[in-house]
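A short worksheet on the structure shown next.
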Amino acid sequence: MSKDIPVVLIIGKQNVGKTTLIKLIIPRLKKKGYRVGTIKYNIPYFEIDYQGKDTYTYYKAGADVVSISSPEKLAIIKRVNRRPPSIKEIIKSNYCDVDVVLVEGYKKWRYPYIEIYNDHRHMEPAVKERKNHLKIASETKTVSPIPTFKKTDLKNILKFIESKIHG
(Lines give C-alpha, C1' and ligand atoms only; values in the text may rest on other atoms or scores of the structure.)
Protein backbone atom coordinates (compact mmCIF):
# COMPACT_ATOMS: atom_id res chain seq x y z
CA MET A 1 0.00 0.00 0.00
CA SER A 2 1.55 3.30 -1.06
CA LYS A 3 1.81 6.25 1.28
CA ASP A 4 0.53 9.63 0.11
CA ILE A 5 3.34 11.96 -0.81
CA PRO A 6 3.44 14.91 1.59
CA VAL A 7 2.40 18.23 0.08
CA VAL A 8 3.11 21.67 1.54
CA LEU A 9 1.55 24.74 -0.04
CA ILE A 10 3.43 28.05 -0.07
CA ILE A 11 0.77 30.75 -0.24
CA GLY A 12 0.55 34.52 -0.05
CA LYS A 13 -0.22 37.55 -2.13
CA GLN A 14 1.73 38.40 -5.26
CA ASN A 15 5.35 39.49 -4.71
CA VAL A 16 5.60 38.49 -1.03
CA GLY A 17 8.47 36.05 -1.65
CA LYS A 18 6.88 32.64 -2.33
CA THR A 19 9.26 31.74 -5.16
CA THR A 20 12.25 33.10 -3.24
CA LEU A 21 11.36 30.98 -0.20
CA ILE A 22 10.93 27.82 -2.30
CA LYS A 23 14.25 28.52 -4.01
CA LEU A 24 15.90 28.66 -0.55
CA ILE A 25 14.11 25.57 0.79
CA ILE A 26 14.89 23.19 -2.10
CA PRO A 27 18.71 23.01 -1.75
CA ARG A 28 18.44 22.64 2.04
CA LEU A 29 16.02 19.72 1.73
CA LYS A 30 18.22 18.19 -0.99
CA LYS A 31 21.27 18.51 1.28
CA LYS A 32 19.35 16.47 3.90
CA GLY A 33 18.78 13.75 1.31
CA TYR A 34 15.15 14.45 0.35
CA ARG A 35 13.86 14.25 -3.22
CA VAL A 36 11.81 17.40 -3.83
CA GLY A 37 9.09 18.14 -6.37
CA THR A 38 7.51 21.50 -7.04
CA ILE A 39 4.30 22.59 -8.71
CA LYS A 40 3.35 26.09 -9.80
CA TYR A 41 -0.38 25.66 -9.64
CA ASN A 42 -3.49 27.38 -10.94
CA ILE A 43 -2.10 29.81 -13.46
CA PRO A 44 -4.53 30.58 -16.28
CA TYR A 45 -2.17 29.90 -19.20
CA PHE A 46 1.39 28.85 -19.92
CA GLU A 47 3.48 27.71 -22.88
CA ILE A 48 6.70 25.69 -22.65
CA ASP A 49 6.93 24.72 -26.28
CA TYR A 50 7.17 27.02 -29.30
CA GLN A 51 6.74 27.14 -33.03
CA GLY A 52 9.56 25.63 -35.06
CA LYS A 53 10.27 22.80 -32.63
CA ASP A 54 9.35 19.19 -33.44
CA THR A 55 7.37 18.70 -30.23
CA TYR A 56 5.33 21.81 -31.02
CA THR A 57 4.63 20.44 -34.52
CA TYR A 58 3.52 17.04 -33.14
CA TYR A 59 1.20 18.69 -30.60
CA LYS A 60 -0.31 21.05 -33.19
CA ALA A 61 -0.84 18.02 -35.47
CA GLY A 62 -3.08 16.56 -32.77
CA ALA A 63 -0.89 14.32 -30.61
CA ASP A 64 -2.46 13.85 -27.18
CA VAL A 65 0.88 13.42 -25.40
CA VAL A 66 4.25 14.74 -26.55
CA SER A 67 7.53 14.23 -24.74
CA ILE A 68 11.15 15.16 -25.16
CA SER A 69 13.93 13.58 -23.17
CA SER A 70 17.66 13.65 -22.62
CA PRO A 71 19.94 11.81 -20.21
CA GLU A 72 19.35 14.68 -17.76
CA LYS A 73 15.64 15.54 -17.97
CA LEU A 74 12.21 14.71 -19.36
CA ALA A 75 9.36 17.03 -20.35
CA ILE A 76 5.85 15.83 -21.13
CA ILE A 77 3.14 17.96 -22.67
CA LYS A 78 -0.29 16.41 -22.31
CA ARG A 79 -3.48 17.67 -23.89
CA VAL A 80 -6.14 18.37 -21.25
CA ASN A 81 -9.56 18.53 -22.87
CA ARG A 82 -11.47 18.80 -19.62
CA ARG A 83 -11.06 20.57 -16.31
CA PRO A 84 -7.45 21.10 -15.25
CA PRO A 85 -6.11 18.17 -13.20
CA SER A 86 -6.10 18.57 -9.44
CA ILE A 87 -2.89 18.71 -7.43
CA LYS A 88 -3.65 15.18 -6.25
CA GLU A 89 -3.97 13.90 -9.85
CA ILE A 90 -0.77 15.65 -10.93
CA ILE A 91 1.16 14.20 -7.99
CA LYS A 92 -0.23 10.67 -8.46
CA SER A 93 0.76 10.67 -12.14
CA ASN A 94 4.15 12.40 -11.98
CA TYR A 95 5.64 12.67 -8.48
CA CYS A 96 5.74 9.11 -7.15
CA ASP A 97 9.53 9.26 -6.74
CA VAL A 98 9.81 12.31 -4.46
CA ASP A 99 9.64 12.71 -0.68
CA VAL A 100 7.75 16.01 -0.64
CA VAL A 101 5.99 18.32 -3.10
CA LEU A 102 6.09 22.08 -2.58
CA VAL A 103 3.18 23.81 -4.31
CA GLU A 104 3.31 27.53 -4.98
CA GLY A 105 -0.17 28.91 -4.61
CA TYR A 106 -3.67 27.54 -4.50
CA LYS A 107 -4.65 27.89 -0.86
CA LYS A 108 -8.10 26.35 -1.41
CA TRP A 109 -6.66 22.84 -1.22
CA ARG A 110 -6.64 21.22 2.22
CA TYR A 111 -2.91 20.62 2.60
CA PRO A 112 -0.51 21.93 5.23
CA TYR A 113 0.69 25.35 4.20
CA ILE A 114 3.11 28.15 4.84
CA GLU A 115 1.48 31.56 4.55
CA ILE A 116 3.73 34.52 3.79
CA TYR A 117 2.99 38.13 4.70
CA ASN A 118 4.97 41.32 4.34
CA ASP A 119 2.91 43.13 6.96
CA HIS A 120 2.03 41.36 10.21
CA ARG A 121 -0.92 43.67 10.87
CA HIS A 122 -2.94 42.09 8.06
CA MET A 123 -2.41 38.45 9.04
CA GLU A 124 -5.60 36.43 8.87
CA PRO A 125 -5.34 32.64 8.68
CA ALA A 126 -6.67 31.12 5.45
CA VAL A 127 -7.89 28.16 7.50
CA LYS A 128 -8.25 28.05 11.27
CA GLU A 129 -6.25 24.84 11.66
CA ARG A 130 -3.07 25.58 13.62
CA LYS A 131 -1.09 22.33 13.45
CA ASN A 132 -1.08 22.28 9.67
CA HIS A 133 0.05 25.74 8.94
CA LEU A 134 2.78 28.19 9.64
CA LYS A 135 3.01 31.91 9.11
CA ILE A 136 6.00 33.80 7.87
CA ALA A 137 6.18 37.56 8.14
CA SER A 138 8.65 40.35 7.67
CA GLU A 139 8.45 40.75 11.46
CA THR A 140 7.52 38.20 14.12
CA LYS A 141 5.61 40.58 16.38
CA THR A 142 2.09 39.23 16.09
CA VAL A 143 -0.82 38.22 18.28
CA SER A 144 -1.64 35.22 16.10
CA PRO A 145 -1.98 31.80 17.77
CA ILE A 146 -0.45 30.34 14.60
CA PRO A 147 3.35 29.86 14.85
CA THR A 148 4.95 32.85 13.12
CA PHE A 149 8.55 33.16 11.97
CA LYS A 150 10.65 35.57 9.97
CA LYS A 151 11.28 34.73 6.32
CA THR A 152 14.94 34.26 7.21
CA ASP A 153 14.20 31.60 9.86
CA LEU A 154 14.80 28.67 7.52
CA LYS A 155 15.56 26.32 10.43
CA ASN A 156 11.97 26.44 11.73
CA ILE A 157 10.50 26.49 8.23
CA LEU A 158 12.43 23.29 7.39
CA LYS A 159 11.39 21.75 10.71
CA PHE A 160 7.73 22.36 9.78
CA ILE A 161 8.18 20.78 6.31
CA GLU A 162 10.08 17.79 7.73
CA SER A 163 7.30 17.23 10.27
CA LYS A 164 4.94 16.77 7.30
CA ILE A 165 7.37 14.41 5.52
CA HIS A 166 7.68 12.19 8.59
CA GLY A 167 3.98 12.40 9.45
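The values are calculated or read from the model by the stated rules, or taken from the named source; none is laboratory data. Keep in mind the model is a prediction, meaning the values are calculated, not measured. Cβ atoms come from the backbone with ideal geometry, glycine included; neighbour counts cover every protein chain shown. With ligands, DNA and RNA removed, areas are computed over all heavy atoms of the protein, side chains included. Shrake-Rupley method; radii C 1.70, N 1.55, O 1.52, S 1.80 Å.
Assorted remarks:
- Extension reserve of the residue 13-residue 166 stretch, reckoned as 0.36 nm per residue once the Cα distance is removed: 52.2 nm
- For the range 8-105, the calculated P(r), taken from all Cα-Cα distances in 10 Å bins from zero up to the bin holding the longest distance, is 12, 37, 36, 15, 0 percent.
- Other-chain or far-sequence residues with amide H under 5 Å of residue 12's (modelled H): 116
- Estimated at 0.36 nm per residue, the fully extended path between residue 60 and residue 30 surpasses their Cα-Cα distance by 7.1 nm.
- Qualifying trypsin sites (Lys or Arg not before Pro) in the range 37-114, where qualification requires a DSSP coil assignment and no more than 14 other C-beta atoms within 10 Å, comprise 53, 73, 79, 82, 108, 110.
- Exposure of residue 7 as accessible area (Å², to 10), given a probe of 1.4 Å and all protein chains: 10 Å²
- Of 107/135; 108/155; 73/164; 18/60, pairs whose Cα-Cα distance is over 23 Å: 108/155; 73/164; 18/60
- Distant-in-sequence amide H partners of residue 41 (H built 1.01 Å from N, under 5 Å): 104
- Straightening the chain between residue 86 and residue 45 buys 13.2 nm, computed as 0.36 nm per residue apart minus the Cα-Cα spacing.
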